[in-house]
Amino acid sequence: MTEYQEDDSYRDHLATVDDKGKRIWVYPKKPKGKFTNYRTWVSYILLIILFAVPHIKIDGQPLLQLDILERKFIIFGNMFFPADNYIFVVITITLFVSIVLFTVAFGRIFCGWFCPQTIFMEMVYRKIEYAIEGDYKQQIKLDKQDWNFEKVWKKTLKQGLFFGIAFLIANTFLAYIIGNEKLWEIQVDDPANHITGLITITVFSFIFFFVFSKLREQVCTTICPYGRLQGVLLDKDSIVVAYDYKRGEGRAKFRKGEDRTAVDKGDCIDCNQCVVVCPTGIDIRNGTQLECINCTVCMDACDSMMDHVGFDKGLIRYASENEIAEGIGFRWTVRMKGYMTVLAILIVAMIWVLNSRNDVQAILLRASGTLYQKTEDGRFQNMYTIKLLNKTNRDIAVEIKNLSEKGEIKIVTPEIVLEPQTEMNTAMFIILDISEIEGFKQDVEIGIYSNGELLESASSTFIGPMTVK
Ligand code: SF4
Ligand code: SF4
């Protein structure tokens, strides 16, 4: 809590809920200014990327596809299978630590600049709303007025466009999961063949429509778990959108020609513009709050007012509590250095696991429920199943060789060509002479070769007679 705040009753309730627990609808004023312009450009670039990615291919493979249904993931054209789970664990932990580090240093900047919820809400849906219904005062008036022709056509057009965009988002969302070809099939083929796909698109269209037309800022203020984490991640050195209370208090209306320092007044002219533009309905002058998504529009609004009255800009700006209270600039705290060390270790681990990933994966399993069999020439054999997974986009002809110094192997399918991104199973035997058997159990190892190069090895156990030696 910032020092100047005497009345902290705002912490006991949400800005968008009244005393009776009823939702207070937020009508934010249309924002404009330098930061809004920057964010608009960033949003448009991110939106283009979001919609384009499912249609971009590398070597015939999607740039990114996260097929959670078939547990196949394609990242930058590289296929990952359930067998690569350990890579995802490392990537997920690395991402999590990066987010934590980023938040500790720069607060909720991600929410304001990069979060899809904010981008769609503020840069797409809200802009449509302003275009059809006008700025916040006209919107309030329209909502209060009785239903007439004007209200009907404006609301119908708005909700129709809202649903259209929700439908587009749902299709894109599905393209990230099943790929654009399968999505296209669903769209053009006989609907009877794609009931599940069509139901999924419809359900998600309604979910997105509900999120952006009704839930809106509630997603950020009450639902999003990342938002809830701010309380533990932020400290007094985190850079956030902050009101400079040292400079701004005591706030008082602007009077032309008045020497405000002489009458002990701060630079805040109490114009309320930072509050009316806020899409989460809060007053940033109350200090850092969980509802603040760092969208910068209050910075633009205040800068514009400061300009208007001839004061310096930056009364609301990116700053840490320590910068405002003590004048201490950005510094790398012990906590940040700790997270950075962990992050550096994880990045090295991630690069290592990605580099050590083989094109072919092999799992050697001894046929269950069997012991050994004696061959006609008096040797002993065990039967195995070998699972071979080709993770690449090309055919791979492989040869299986014995890597153990003892025995020989016999493969049911001697010539194996692995098709791209498929798994195949074949049976094989490992045969040992009585003189090579070390006891009831011993380790055996095979190698998967292609063009003479060892791609992968796999090991298992060999069961021999108990009374060999
Ligand atoms: S307080 Fe400012 S930065 Fe935070 S959500 Fe409101 S307008 Fe955006
Ligand atoms: S916009 Fe600036 S001057 Fe106006 S109330 Fe907010 S902080 Fe004060």
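The values are calculated or read from the model by the stated rules, or taken from the named source; none is laboratory data. Bear in mind the structure is a predicted one, so any value in this text is a computation, not a measurement. Don't worry about glycine lacking a Cβ; one is built from the backbone with ideal geometry, like all the others, and counts go over all protein chains shown. These area figures cover heavy atoms from the full protein model, side chains too; ligands, DNA and RNA do not enter into them. Shrake-Rupley method; radii C 1.70, N 1.55, O 1.52, S 1.80 Å.
A few points about this structure:
- Filtered by the rule that a residue be in a loop (DSSP other than H, G, I, E, B) and near ligand 2 (Cβ under 10 Å from one of its atoms), region 301-311 gives a lone residue, Phe311.
- Those residues of region 281-310 which are among the β-branched types (Val, Ile, Thr) and more than 21 Å from Glu321 (Cα to Cα), in sequence order: Val309
- Flag if Cys298 is in contact with a strand residue (DSSP E or B) (Cβ under 9 Å, 6 or more places away or on another chain), modelled with pLDDT of 95 or more and either within 14 Å of ligand 2 (Cβ to nearest atom) or open to solvent by 40 Å² or more (accessible area, probe 1.4 Å) (or both): yes
- Taking region 375-465 and the strands (runs of 3 or more DSSP E) fully enclosed by it, the elements with 2 or more residues that are in contact with a Ser or Thr (Cβ under 7 Å, 6 or more places away or on another chain) are at 380-390, 396-402, 423-432, 441-450.
- From Gly314, Gly327, Gly281, residue being touching a residue at least 40 places away in the same chain (Cβ under 8 Å), more than 9 Å from ligand 2 (Cβ to nearest atom) and over 26 Å from Lys214 (Cα atoms): Gly314
- Any chance Phe311 is modelled with pLDDT under 95, surrounded by 18 or more Cβ atoms within 10 Å (Cβ to Cβ) and either over 27 Å from Pro31 (Cα atoms) or away from ligand 1 (no atom under 15 Å from the Cβ) (or both): yes
- Pairing residues of region 334-349 that are over 16 Å from Val89 (Cβ atoms) with residues that are charged (D, E, K, R), at Cβ distances under 8 Å and at least 6 apart in sequence or on separate chains, gives Arg335/Asp235; Met336/Asp237.
Yes/no per residue for (1) more than 30 Å from Lys30 (Cβ to Cβ); (2) touching a Gly at 6+ places or on another chain (Cβ under 6 Å):
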residue	(1), (2)
Arg255	no, no
Asp259	yes, no
Gly266	no, yes
Pro279	no, no
Gly287	no, no
Asn294	no, yes
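- Taken over region 67-100, the criterion of being under 17 Å from Asn180 (Cα atoms), in a loop (DSSP other than H, G, I, E, B) and open to solvent by less than 50 Å² (accessible area, probe 1.4 Å) is satisfied by Gly77 alone.
- Residue in region 432-443 that is open to solvent by less than 60 Å² (accessible area, probe 1.4 Å), without any contact (Cβ under 8 Å) to a residue 24 or more places away in the chain and polar (S, T, N, Q) present: yes
- Filtered by the rule that a residue be closer than 13 Å to Tyr243 by Cβ and of a type in the set (Phe, Trp, Tyr), region 310-328 gives a lone residue, Tyr318.
- Only one entry in Glu150, Glu181, Glu185 is part of a helix (DSSP H, G or I) and more than 25 Å from Thr200 (Cα to Cα), namely Glu150.
- Test set (1) within 6 Å of ligand 1 (Cβ to nearest atom); (2) open to solvent by 20 Å² or more (accessible area, probe 1.4 Å); (3) of a type in the set (Ser, Thr, Tyr) - Thr280 fails condition number: (2)
- Residues within region 179-194 that are under 18 Å from Gln61 (Cβ atoms) and not charged (D, E, K, R), tallied: 4
- Residues that are farther than 14 Å from Ser459 by Cα, within 44 Å of the chain's Cα centre (by Cα) and surrounded by 13 or more Cβ atoms within 10 Å (Cβ to Cβ), drawn from region 370-410: Leu389, Asn390, Lys391, Thr392, Asn393, Ile396, Val398, Glu399
- Checking each residue in region 32-66 for being on the phi > 0 side of the Ramachandran plot and open to solvent by 90 Å² or more (accessible area, probe 1.4 Å) picks out only Asp59.
- Test: residue in region 268-286 that is modelled with pLDDT of 90 or more, closer than 26 Å to Met336 by Cα and in contact with a helix residue (DSSP H, G or I) (Cβ under 6 Å, 6 or more places away or on another chain): yes
- Residue pairs whose Cβ atoms lie under 9 Å apart, separated by 6 or more positions or on different chains, with the first residue in region 368-379 and under 11 Å from Pro465 (Cβ atoms) and the second loosely packed, with under 11 Cβ neighbours inside 10 Å, do not occur.
- Among residues of region 202-247, those that are crowded, with 18+ Cβ neighbours inside 10 Å and either under 17 Å from Ile284 (Cα atoms) or touching a strand residue (DSSP E or B) at 6+ places or on another chain (Cβ under 7 Å) (or both), counted: 14
- Matching residues in region 284-297 - criterion: being more than 8 Å from ligand 1 (Cβ to nearest atom), in contact (Cβ under 8 Å) with a residue 60 or more places away in the chain and of a type outside the set (Ser, Thr, Tyr): Asn286, Gly287, Leu290
- Each residue in region 248-269 was checked for being open to solvent by less than 70 Å² (accessible area, probe 1.4 Å) and either of a type outside the set (Asp, Glu) or within 16 Å of ligand 1 (Cβ to nearest atom) (or both), and 8 pass.
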